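Engineer: Sharing a structure, written as structure tokens. Questions coming.
The values are calculated or read from the model by the stated rules, or taken from the named source; none is laboratory data. Note that the coordinates shown come from a computational prediction; the quantities given were computed from them, not determined experimentally. Cβ placement follows ideal geometry from the backbone for every residue including glycine, while neighbour counts extend to all protein chains displayed.
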Amino acid sequence: MTDTHDTRREMPLGLAKRGYTGVIQHLSAKDAGSALSDIELESRLIELGFVEGARVEVLHEGLVGRDPIAVRVDNITIAVRRREAMAIIVA
Amino acid sequence: MELPLLHLALVGTPNSGKTSLFNALTGSRQKVANYPGVTVERKEGFFVTPLGRQVSVVDLPGTYSLRGRSPDEEITRDFVLGKASGETVPDLVLCVADSTNLRLTIRLLLELKRTGRPMILVLNMFDIANRRGISVDVERLAKELGVPVVTSIAVRKGGTADLLALTDEISAKLAAEPSENNWRALSVAELRATQREADRIISDCVSLPSRPDTWTARIDAIVLHPVGGLIVLALILFVMFQAVFAWAQPLMELLQSGFDALGDAVHATLPEGLVQSFLQNGVISGVGSVIVFLPQIIIIFLFILLLEDFGYMARAAFLMDRIMGGAGLHGRAFIPLLSSFACAIPGIMATRVIDNKRDRLTTILIAPLMTCSARIPVYTLIISAFIPAKDVWGFINLQGLVMFGLYATGIASALAVSFLIKFFMLRDYAPAPFMLELPDYKMPRLKSIAIGVTTRAKMFLHRAGTTIFSMMVLIWFLASFPQPPAGATEPAIDFSLAAIIGKALEPLLAPVGFNWQIAVALIPGMAAREVAVAALGTVYAIEGGKEAAEQIGQVLATKWSLATALSMLAWYIFAPQCASTLAVIRRETGSWGWMAATFGYMLVLAYAASLLTYNVAVALGAG
Ligand SMILES: Nc1nc2c(ncn2[C@@H]2O[C@H](COP(=O)(O)OP(=O)(O)O)[C@@H](O)[C@H]2O)c(=O)[nH]1
Ligand SMILES: [Mg+2]
């Protein structure tokens with residue numbers, strides 16, 4: 001298999017720079033340090049389309065601390081803070 | 001036999017076109033009301049199907065699931081499940097989808113199916129889907145989902161014809177016995193499985209060429225640029241406030257001369273006396289001086305509705321999230337706060353989109369500091385009487401600039417108050433997440449903007465006809481009775497109840513430069529801010545006697561010092577003078593305490609700001 005995604009390392013979406021593209025590998029809410037409970041955070045991410053296999057691209061960043069980020073998830077755009085995006089593991 | 005009213009409910013993710021569909025179906029046959037006892041605005045409209053069935057339809061807040069994680073999502077859940085007290089369960093649920101973006105709606109629909117309510121999937125925005133080359137196998141989709149599917153274009157004439165026909169067809173054979181409700185909150189695993197199922201159905205029935213909306217990408221490249229985006233946002237706000245001041249002027253002058261002419265006509269036809277004074281000074285000059293501001297209120301709502309319809313509001317929230325976070329506010333608070341520029345009441349109700357209780361409370365407490373449209377009459381009156389209409393730096397109108405400064409002060413103090421709340425009261429505070437869909441840009445639609453603006457204008461006029469009118473009657477009465485003794489030489493008003501009350505309050509307000517006439521005007525002004533303008537009009541008109549037809553602005557310019565005028569402006573940035581806002585705060589927070597806290601802190605700020613302004617102005621020689 002020569003798919004580039006196989007050779008790329010997994011990382012949280014919360015660390016991705018503008019222009020990053022990748023595919024969601026899994027969700028890991030306990031790593032996010034969000035104010036939400038793990039179950040709640042995971043539910044919300046799924047409800048916004050952040051599920052395994054979805055293609056993501058970081059389109060925009062905010063001014064302060066490059067936060068929040070605007071992420072293209074398949075064919076919609078979602079704004080999230082980096083803190084919550086730490087729960088989304090991409091590669 | 002007449003069939004009973006058919007109840008429809010519009011459910012769907014945010015921005016799927018529910019409100020547009022609601023407008024398309026009902027036209028102007030809408031009523032906005034509050035849920036009894038609960039905190040929520042509910043929009044119901046009526047129409048008749050092609051086969052003559054009478055239908056009521058309810059526009060519900062957008063949601064991604066039935067979990068109800070914020071107050072507005074709870075309404076949708078409770079309504080669909082029939083939990084809302086005193087509400088009928090909808091006979092038919094219209095699940096509205098944006099056809100270009102089906103994933104999340106199909107998942108929602110699979111969840112909705114468990115409620116057992118009869119349902120139709122409405123593939124809205126089908127025009128955009130066609131343009132982007134998205135094709136949907138509608139029949140197969142209906143079979144896979146087990147739910148009838150129909151396409152619609154909410155914003156085009158005749159775009160809902162198929163939906164209407166299908167509604168007729170289905171309502172004719174609705175079972176009398178509703179099927180069982182098996183809904184319960186989904187676990188994470190079920191949620192995932194449902195999304196998988198939705199994705200499978202979509203890949204079977206929908207072909208999606210990957211042709212994203214290039215316009216949205218191009219606009220966002222500028223509008224969401226970290227620095228450029230903020231400049232654009234500032235420019236938009238600046239233009240909005242200049243427009244409120246400059247564009248409305250000719251229309252306002254027209255209205256003003258209309259009311260003046262009417263007053264003169266009454267003065268000329270009726271004999272001198274109480275009836276003449278009541279009609280001319282109480283009713284016409286009082287209510288008229290408020291109605292004159294209709295053009296400005298229309299303009300501010302026009303801007304807000306245009307930005308909403310265009311899809312800009314979510315971007316503004318994105319840009320402001322971290323900046324407002326510094327002041328302890330959530331990015332989502334931006335939209336309620338911006339709406340508060342029109343009126344704090346819809347603004348406070350819009351905080352329902354904020355799921356975290358503390359974030360929501362902070363936003364509610366500071367929303368009344370945003371300069372609402374009811375302050376515009378007060379500001380405009382004083383600015384046009386005291387600030388020269390000259391240009392500074394060649395192109396900026398000085399009056400507009402002062403107006404902008406007042407708005408800016410309101411915003412700055414709101415941020416400061418929020419910061420203090422965060423710092424002193426909500427210390428142990430972990431920031432709630434910010435997650436928001438940024439919809440594709442859409443060309444704003446004339447029809448829905450027109451419906452939105454008309455609804456607000458009607459509400460404003462209704463207020464002028466009820467609250468403001470009754471306050472004016474009160475003020476006229478206080479200013480006219482008791483009548484002066486025969487042979488008195490002082491102006492009649494000096495003998496009135498109004499003068500007695502005003503003079504009793506004067507010592508309290510003298511330090512901030514207010515005279516007794518202002519003190520009188522502030523009392524009915526507790527009911528609604530703009531009443532103060534009308535009340536001043538009446539008080540000075542009765543005091544002025546024959547020259548009453550004179551414009552109130554010119555009267556003020558001769559009676560007040562510049563320092564008093566500036567002090568009055570400062571007062572109105574903060575003063576909690578709106579009974580309806582306080583009532584809404586009480587309702588939305590469910591607590592008298594928070595209402596009292598809002599009233600108290602705003603009053604203290606108002607007094608302090610006026611005191612400071614007045615004394616500085618006097619020291620600078622403006623006394
Ligand atoms: N082209 C097109 N635009 C639509 C259609 N339906 C809604 N819109 C636009 O989509 C945007 C969001 O619609 P709105 O009714 O406010 O969505 P809601 O959040 O579900 O109430 C608005 O700008 C509408 O003008 C449609 O069928 N076709
Ligand atoms: Mg809507």
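Engineer: Name the single residue that is farthest from the other protein chains (Cβ to nearest Cβ) among those in the range B:114-138 being within 22 Å of B:L174 (Cβ to Cβ) and surrounded by fewer than 19 Cβ atoms within 10 Å (Cβ to Cβ).
Structural biologist: Step by step, filter the range B:114-138, then rank; the result is B:P118.
Engineer: Suppose we filter the range A:32-82 for residues that are of a type in the set (K, R) and more than 7 Å from chain B (Cβ to nearest Cβ); how many remain?
Structural biologist: Residues flagged as of a type in the set (K, R) and more than 7 Å from chain B (Cβ to nearest Cβ) within the range A:32-82 amount to 4.
Engineer: Name every residue in the range B:361-402 that is more than 23 Å from B:I518 (Cβ to Cβ), touching a residue at least 24 places away in the same chain (Cβ under 8 Å) and small (G, A, S), in order of residue number.
Structural biologist: Residues satisfying the conditions are B:A367, B:G400.
Engineer: Select the helices (runs of 4 or more DSSP H) contained entirely in the range B:525-623, then report the ones holding at least 1 residues which are more than 28 Å from the chain's Cα centre (by Cα), of a type outside the set (D, E, K, R) and farther than 30 Å from B:D355 by Cβ.
Structural biologist: Correct list: B:531-544, B:552-559, B:562-574, B:592-619.
Engineer: If I ask for residues that are farther than 15 Å from B:F301 by Cα, of a type outside the set (G, A, S) and surrounded by 14 or more Cβ atoms within 10 Å (Cβ to Cβ), which ones from the range B:239-259 would you list?
Structural biologist: Once the filter is applied, which keeps residues that are farther than 15 Å from B:F301 by Cα, of a type outside the set (G, A, S) and surrounded by 14 or more Cβ atoms within 10 Å (Cβ to Cβ), the range B:239-259 yields B:Q249, B:L251, B:M252, B:L255, B:Q256, B:F259.
Engineer: Just to verify a result, which residue in the range B:289-328, among those that are in contact with a Ser or Thr (Cβ under 6 Å, 6 or more places away or on another chain) and small (G, A, S), is nearest to the other protein chains (Cβ to nearest Cβ)?
Structural biologist: B:A327
Engineer: Which members of the range B:229-238 meet the condition of being surrounded by fewer than 20 Cβ atoms within 10 Å (Cβ to Cβ) and either of a type in the set (A, V, I, L, M) or closer than 16 Å to B:R322 by Cα (or both)?
Structural biologist: Within the range B:229-238, B:L230, B:I231, B:V232, B:L233, B:A234, B:L235, B:I236, B:L237 qualify.
Engineer: Checking the conditions here, which among B:E73, B:E87, B:E44 is surrounded by fewer than 23 Cβ atoms within 10 Å (Cβ to Cβ), modelled with pLDDT under 90 and assigned to a helix (DSSP H, G or I)?
Structural biologist: None of the others qualify; the one that does is B:E73.
Engineer: For the range B:106-200, list the helices (runs of 4 or more DSSP H) that sit wholly inside it and hold at least 1 residues that are under 30 Å from A:E40 (Cβ atoms); which are they?
Structural biologist: Hits in the range B:106-200: B:138-145.
Engineer: Name every residue in the range B:58-74 that is more than 15 Å from B:A185 (Cα to Cα), of a type outside the set (G, A, S) and either within 13 Å of ligand 2 (Cβ to nearest atom) or within 14 Å of chain A (Cβ to nearest Cβ) (or both), in order of residue number.
Structural biologist: If the condition is that a residue be more than 15 Å from B:A185 (Cα to Cα), of a type outside the set (G, A, S) and either within 13 Å of ligand 2 (Cβ to nearest atom) or within 14 Å of chain A (Cβ to nearest Cβ) (or both), then B:V58, B:D59, B:L60, B:P61, B:D72 are the ones that fit.
Engineer: To continue, here is another question. Give the residue, chosen from B:G410, B:G394, that is on the phi > 0 side of the Ramachandran plot and away from ligand 1 (no atom under 16 Å from the Cβ).
Structural biologist: On inspection, the qualifying residue turns out to be B:G394.
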